[in-house]
Every structure is written in C-alpha cells, then in structure tokens.
Amino acid sequence: MNRILGGGVAIVAAYILYPVIRFLSPPSVALGEQSKVFVTDTGIMKRNTAKYFKFLDEPAVLVRLPNGTYTSLSAKCTHLGCTVQFRSDGDYFHCACHGSEFAITGKVMRGPAVLPLPKYQVSVSGEKIFVSVPIEPA
Amino acid sequence: MKQRLVGFFDERMDLSALRRWAKEKSVPQHKHSFWYYFGGLALFLITLQIITGILLALYYSPNPAYAHESVKYVMETVKYGWLIRSIHFWGANFLVAVVFIHMFSTYFMKAYRKPREVMWILGVLILGLVLAFTFTGYLLPWTTLSYFATKVGVNTPSIMPILGRFITRIMEGGRDVGAATLTRMFTLHTVILPLLAVLLITLHVLLSQVFGSSVPLSQANKREAIKFFPNFLMRDAAVWAGGLAILLAMVTMFPAGLGPKVNPVMPAPVGIKPEWYFLFVFETLRRFPETIAIGTITLAVLVWLIVPFLDRRASRNQKSTFFTLFGAAVLVYMISMTILAYLTT
Amino acid sequence: MLLVIISLILVGTSANDSLAASIPSFAQRFNFTLPLIVVLLILMFFLLLKVYTRESQPSRSQKGISDSNVKGDGSKEKVREKV
Ligand code: HEM
Ligand code: FES
C-alpha cells in the first residue's frame, strides 16, 4: 500500500519536475540563418586593427593583419568567457580577466586558458567581407 | 491600555510560553563573548538589504536596454535614490564581512560541535546565499564590470564534468550572457534567494533559541550569564546603532558609483577585478589551472560544510588542535590571496 | 564613535566631489545623514549607559537562571539539575 502511494507521488513529482527543468534550459536557436554574417566593407579597416562583432550570439573579432589580409576568430576567451582584447603591439590577444594570451592564430601563448580560440572563415565577395563557420572544423 | 492589549492576545494565543522563554533566555558571559554580536548584526543588515532592495526593485527594469538607465535614474532623479541605493550597496559589503566574521568566530570557538551541527550547516549555506545575492545583484546595473564578472561566474561551473555545461546554460539562459541572463539573475536576486534566505535564516535563528549560545571549551568553567531580555538585546541594539552610523558615514562619503554601460561586443577592459570578497577566488583562478583551482575550492567548501562531523574530538568536548590549524590555514590562504590580488594588477 | 563624525567632516572639507555631478553633492548628502548619525550615536551611548548601570546592580551575576547553554552537550535536563 505504502509502496503504491510512494510510487504515485514519485510519478507526479517527476511529471512536474521534468517540464520545469526543460523550461529552465533555454531553447536552442537555429544557427543556420546566422552561420554567415556581413561584418564590414573592404577598405574601411586600417591595417593592424580589429573590429568586434556578434557572431553565433557570441563576441567575435575580425583583424586586418599588417600584410593587409583578414583573419577572424571567436573573441570569447576559452578560459572563463571574457572578451579578449586585440593588441596591435605584436598582433596577439590579451584577456584582461585572468591574463590569458592568444596568438593571432588563436593558439594559447599564456595560461590559464588551455584551448585555442576557434577560428572562423573570412570570405570577400565584391566589396563586402563575410565571416562564417568553417565547413570543416579547424 | 497596554495591559488590555496583552490580555486580549494572551486569552487567545497563550503567550505564557513566550513569556517564559523571554524570562529564561540568557547569554553566557566570558572572554570571547564579544563575538556573539555578529550574528545579530548580520540579521539586522539582512533586514536592511530586504527593505532597500524592495525599494530599488520599484524603479529597476531588468532589460538590457533600460537596466543601466533605470539605475542611473534612481541615483540622479529619484528623491533619496542615492541614499537607498548606496545603503543597499554598502549594506551588501558590510553583510558579507559580518557573516564571514560570524562564521570564522563560531568556527574557532568550535560552536559547531554537538548538538549544533545543523546550525553550522545552515550557517555555511546562508553565507553561500549571501554571496549568491551579491553575485546576482552585481549584474543588475548592467555595467562593463558587472557583465564580465557575471561571465566568469556563470562559466566557472562549466569546468565541472557532466553537469557543468548544463548549469552554465541554465544560469545564462542563452548562448551567452545577455537579456535572458539579466532576467534570470533579477528573479534569483529578488524572488528565489530572498525566499530561501528567509527560510534558512528562520531555521538558523530558531535553532539558536533552542540551544542557546555555545560556550567555547576554554571558557566552560565560567558560569556567568546575562539575561537576553533586556540586557543583551540592549547591547545588540547599541551595536546596531553603531553599525548603522558607520554604514551611513560610508554612504555619505562614498555613495555607490555606476560604471559605464556595457557594450557586449567590446573586449574586457584592462585591470578589471571582482569585489574584494571574491578576490581570493580570482587570484586562485589566475595562478592555477581552472580545474585544479575550482576543484580544490569545491572540496574545501564541502569539508567546511561537514566539519562538525569530521571534528570528532570537539564533539566529545575535547580540544581539537588540528581543526583550529585547518581553520587558520584556510583564513591565512584567503587573506594572503586577497592581498596578492591587490598588489598585482 | 566620534571618529565617524570626525572622518565625515574631514572628508567633507577636503572632498571635491569627483562623483557624477548629477547626484546630490557631498554637502547635501552630509546635511541629511549627519543628524541621523548623531542621533544614532547618542542612542548607542545611552543604551550602553543603561546596560552598565543596570548590570552594576546585584542582579548581575545570574547563576540561578536555568541555563541550557553552559555546557555545549545539549543535555538540557542534566545541566538544569546541576544548577
Ligand atoms: C542578502 C541580501 C542582499 C544582498 C547581499 C544584495 C546585494 C546586492 C548588490 C551587491 C547589488 C549591486 C549593487 C550595485 O552595484 O549597484 C544589488 C542590487 C540590487 N538589489 Fe540587492 N541584495 C540583497 C537583497 C535584495 C532584495 C531582497 C531585493 C529585492 C526584493 C534586492 C533588489 C535589488 C535590486 C533591484 C538591485 C539593482 C539596483 C542597483 O544595482 O542599485 N536586493 N543587490
Ligand atoms: S576569462 Fe580569459 S583569462 Fe580567464
């Protein structure tokens, strides 16, 4: 008798708890539409400067290198998520939160971060610069 | 008049138990009695936070477009807005300090020993709640500093295996700290945490009435005590008056500031640091790989939580030097890491 | 006690309000809070005065009151018997 009662209560509790937990976890957004974004026109950015923008709901950065080409990475520090700062004195990224440093390729130069910054694909079509996720993950 | 009023309630509710309790309640007096004031002071400050917090919530808007503006409006336009917000701001700082002092003083007096184990656990949980209050409240003004502090805070659990990412997502409410995070932190700060805090604090205080104040072992031979009503309460009130005076002085000299509004795509500014009570965690994160840093801190917190059950000697009313040293080590670590964080930029 | 007031006045005379000009100036804040601070300090003084005059009366040492607190072992009954 007590078992049936207990089991019943457990089922009711689970029935209440499950939707609540699902309600708490945010619905995943379809990224298909956003997987390629327009960032800026060519000829606007000076060499050795960076432009920050939002990509896939996270901060990203487009850098114009000293040689005039473009590169783009996630700007979200792989340590604990602060936004890294582009340092034109030596072309690297510095995270002000706990001092991690990343090379322009995204590689970790100084901890505490362990993982590299993900790199994005830059494509120029006409005058416009687009950034997208690489077809094959880098 | 007073007589009749008391009589009215006495007939209907039987206040005799209450009266007996008031008559009998006493507080032991000895060399370390000084530390008994911090619990009462914490209670006073929490009340202050709840009152000023409710007032602030009347103007506050938990939306990235208006949050910063609404706090600015409170500071600049609302009459005595600077006063209410600055009391809430300074009250939070005082409260954290007072709860820490209260905890360490009861730790070193081994007040957690049998039969007060549950009080100790409730106390540690209340400290956790107070820190959760400051963490969630910190985001609300939506400044650059509060934004990145929250980022680090919500990403910290993601280090944990299996459940970590899930917890981060639930705290963020999206793919990154943003509008959804702000409403979540606001709801936590103004609804969920206050309810939990009132519950736990009520239990903690009720238990303290059941057991009375613990006397440290070294003072166990002292038999002196003073009555709670009115003697100790008057001392308590004097401490509250003094505390409020100091709080108001800080409020007048250094009203709460308001940093620039965050621009979520811009990088974290150089030299950002958390509030003083999180500096030891911050410095630990800077110096050690995050899994080791967070793993060790989590473990230490768990040990701290169940210390009454580990310290078997204290429960038998024997000296337990090991646990005194352990507490001292924790304290020294926290203080030295905090100082280090101040010294290095 | 006085320290609070003195430091307030010191800051008041030396401060050139570096905070946002749009919140009330130090003088305005000071004028509002100082009376309250003074009242609080007086209150505190008299509370303490009352505490000490009360307790210098013979009722001070209250060994007689039943007291579960004296021993931390929670055995209320036992302690009460002893007392
Ligand atoms: C233990 C209790 C509490 C603590 C430690 C605490 C702490 C804090 C902190 C640190 C802030 C940020 C202040 C700033 O930098 O501007 C804040 C803001 C805020 N708190 Fe609380 N709080 C507590 C209770 C409450 C309660 C009970 C409410 C309302 C029901 C509340 C409502 C608010 C609101 C609306 C803000 C945003 C306005 C502002 O930032 O000035 N707080 N709180
Ligand atoms: S978040 Fe970048 S170093 Fe910690």
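The values are calculated or read from the model by the stated rules, or taken from the named source; none is laboratory data. This structure is a prediction, so every number in the text was calculated from the model and none was measured. When we count neighbours, we look across all protein chains shown, and the Cβ atoms used for this are built from the backbone with ideal geometry, even at glycine. When the accessible area is computed, the model is the full protein with side chains, heavy atoms only, and any ligands, DNA or RNA have been set aside. Shrake-Rupley method; radii C 1.70, N 1.55, O 1.52, S 1.80 Å.
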Problem set entry | Ranking by accessible area, most exposed first, for B:HIS68, B:HIS32 with a 1.4 Å probe | B:HIS32, B:HIS68
Seminar exercise, completed: Relative contact order in percent for chain B (Cα pairs under 8 Å, 6+ apart) equals 27
Seminar exercise, completed: Counting only backbone N atoms under 18 Å from a point 7 Å out along Cα-to-Cβ of B:VAL330, the residues of the range B:83-104 in range are B:96-104
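So if we plug the beta-carbon distance of B:LEU305 and B:ALA220 into 1/(1 + (r/R0)^6) with R0 = 22 Å, what FRET efficiency do we get, rounded to 0.05?
Details: r = 26 Å, r/R0 = 1.18.
E(calc), rounded to 0.05, equals 0.25.
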Exercise. Quick one: Kirkwood hydrodynamic radius for the protein assembly as shown, alpha-carbon pairs, angstrom, one decimal?
Worked result: 27.5
Exercise. Simple spin-label model, 7 Å along Cα-to-Cβ: A:ILE44 to B:LEU125 in nm?
Worked result: 5.4
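Per residue of B:126-138, how many C-beta atoms from partner chains lie within 10 Å of its own C-beta, taken as a mean?
0
What trypsin sites (Lys or Arg not before Pro) in the range B:69-123 are in a loop by DSSP, with at most 12 other Cβ atoms within 10 Å of the Cβ? Display every interim value, and only then the final one.
On the way: sites: B:LYS72, B:LYS79, B:ARG85, B:LYS110, B:ARG113, B:ARG116; in loops: B:LYS79, B:LYS110, B:ARG113, B:ARG116.
Counting only loop positions with at most 12 other Cβ atoms within 10 Å, the trypsin sites (Lys or Arg not before Pro) in the range B:69-123 are B:LYS79.
Show me the helices of chain B, taken as full DSSP H stretches, that run 18 Å or more along their long axis by Cα and average 1.0 or above in Kyte-Doolittle hydropathy. Before the final figure, lay out the partial values.
On the way: long enough: B:37-59 (34 Å, 1.96); B:81-108 (40 Å, 1.16); B:117-139 (34 Å, 1.97); B:193-211 (27 Å, 2.23); B:233-253 (30 Å, 1.54); B:290-305 (22 Å, 1.88); B:321-343 (32 Å, 1.93).
Those that clear 18 Å and a mean of 1.0 are B:37-59, B:81-108, B:117-139, B:193-211, B:233-253, B:290-305, B:321-343.
Is it possible to state the helix-based mean residue ellipticity at 222 nm for chain B, with each DSSP H run of 4+ residues giving -39500 (n - 2.57), the sum divided by total residues, to the nearest 500 deg cm²/dmol? What is it? Show your work: numbers first, answer last.
Details: 16 runs with 231 residues, N = 345.
Helix contribution divided over all residues of chain B: -21500 deg cm²/dmol.
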Problem set entry | Mean-position separation - Cα centroids, the range B:241-259 and the range A:63-80, in angstrom | 44
For this session: Treating the angle as unsigned and between 0 and 90°, give the value, to the nearest 10°, between the Cα long axis of helix A:2-24 and the longest Cα principal axis of chain A.
Result: 20
Problem set entry | Other protein chain Cβ atoms within 10 Å, averaged over every residue that makes up A:68-81 | 3
Exercise. Can you give the Kirkwood hydrodynamic radius for chain B, in Å, rounded to one decimal and based on Cα pairs?
Worked result: 22.4
Seminar exercise, completed: Honestly the range A:31-135 on the Cα gyration tensor test (a ≥ b ≥ c root eigenvalues; a/c under 1.5 rounded, otherwise a/b vs b/c for prolate or oblate) is just oblate
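Translational diffusion coefficient of the range B:188-283 at 25 °C, 0.890 mPa s, Stokes-Einstein with Kirkwood Rh over Cα pairs, in µm²/s as a whole number.
On the way: Rh = 19.1 Å.
It diffuses with D of about 129 µm²/s by this estimate.
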For this session: Could you tally the net charge around B:TYR66, taking each other residue with its Cβ under 12 Å from the Cβ of B:TYR66, Lys/Arg +1 and Asp/Glu -1?
Result: +1
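Under a point-charge model restricted to the Cβ atoms of Lys and Arg (+1) and Asp and Glu (-1), what is the dipole moment magnitude of chain A relative to its Cα centre, in debye to the nearest 20?
Values: 14 positive and 9 negative charges, 26 e Å.
Computed charge dipole of chain A: roughly 120 debye.
What number, in percent, do you get for the relative contact order of chain A if the mean sequence gap of Cα pairs under 8 Å and at least 6 apart is divided by its residue count? List each step's numbers first, then the result.
Working: 223 pairs, mean separation 25.9, N = 138.
RCO, chain A: 19 percent.
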For this session: Kindly compute the accessible surface that chains A and B hide from a 1.4 Å probe when together, both sides summed, and give it to the nearest 100 Å².
Result: 2400
Exercise. From a point 7 Å beyond the Cα of B:GLU76 in the direction of its Cβ, which residues of the range B:254-268 have a backbone N at a distance under 18 Å?
Worked result: B:255-263
Exercise. Can you give the mean number of other chain Cβ atoms that lie within 10 Å of the Cβ atoms in peptide B:65-76?
Worked result: 1
Problem set entry | Dipole axis of chain A (+1 Lys, Arg; -1 Asp, Glu on Cβ), positive-most option in A:PRO118, A:VAL20, A:GLY43 | A:VAL20
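Pick out, in residue order, every one of the trypsin sites (Lys or Arg not before Pro) in the range A:68-138 that is DSSP loop and has at most 13 other C-beta atoms within 10 Å; say none if there are none.
Values: sites: A:LYS76, A:ARG87, A:LYS107, A:ARG110, A:LYS119, A:LYS128; in loops: A:LYS107.
Passing sites in the range A:68-138 are A:LYS107.
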Exercise. Between B:LEU207 and B:PHE254, what is the label-to-label distance in nm when each label sits 7 Å out along the Cα-to-Cβ direction?
Worked result: 3.4
Exercise. Restricting attention to the alpha-carbon atoms of the range B:55-186, what are Rg (one decimal) and Dmax (integer), both in Å?
Worked result: 17.7, 53
Exercise. Going 7 Å from the Cα of C:PHE46 toward and past its Cβ, which residues in the range B:204-235 have a backbone nitrogen under 18 Å from where you end up?
Worked result: B:230-231, B:233-235
Exercise. Put a dot 7 Å past each Cα toward the Cβ at B:ASN63 and B:ARG175; how far apart are the dots in nm?
Worked result: 2.4
Problem set entry | Gained length - B:LYS319 relative to B:THR291, 0.36 nm times residue gap less alpha-carbon distance | 6.6 nm
Seminar exercise, completed: Check: C-alpha center the range B:131-193 vs C-alpha center the range B:297-337, spacing in Å is 30
